[in-house]
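*Asks:* Just passing along the structure, written as structure tokens.
The values are calculated or read from the model by the stated rules, or taken from the named source; none is laboratory data. Quantities reported herein were computed from a predicted structural model and do not represent experimental measurements. Here the Cβ positions follow ideal geometry from the backbone for every residue, glycine too, while neighbour counts run over all protein chains shown. When the accessible area is computed, the model is the full protein with side chains, heavy atoms only, and any ligands, DNA or RNA have been set aside. Shrake-Rupley method; radii C 1.70, N 1.55, O 1.52, S 1.80 Å.
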Amino acid sequence: FEPYKHICRVKGKEIRSALIEAFDYWLKVPDSVKSTIKDMVEKLHNASLLIDDIEDNSKMRRGQPVAHSIFGVPLTINSANFVYFLALSKCD
């Protein structure tokens, strides 16, 4: 889980959260549901970045060394997969 924590420590532009808020202007989703959606989207996005960095052999992400260069490829893949399942477990 450390590779996932690593990528979360360095904040991105939070575009997805802004888009969810923009759509909510029309949809009026209850705050508890909206919070769950934001959490799921953020988890899925960050986990996909962990995998993407491995596939692209990236060296830096958001100005920091990529997770797999610190924790290794196997642990980073396992962490990303775990977070995929963690996010999807919130679907009801």
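*Asks:* Does any residue in the range 23-50 that is β-branched (Val, Ile, Thr) come within less than 7 Å, Cβ to Cβ, of a residue that is surrounded by fewer than 17 Cβ atoms within 10 Å (Cβ to Cβ) six or more places away or on a different chain, and which pairs are these?
*Replies:* Partner pairs satisfying both residue conditions: 36/90; 41/16.
*Asks:* If we only count helices (runs of 4 or more DSSP H) wholly inside the chain, which ones have 2 or more residues that are among the acidic types (Asp, Glu) and open to solvent by 30 Å² or more (accessible area, probe 1.4 Å)?
*Replies:* In the chain, 31-55 are the helices (runs of 4 or more DSSP H) which contain 2 or more residues that are among the acidic types (Asp, Glu) and open to solvent by 30 Å² or more (accessible area, probe 1.4 Å).
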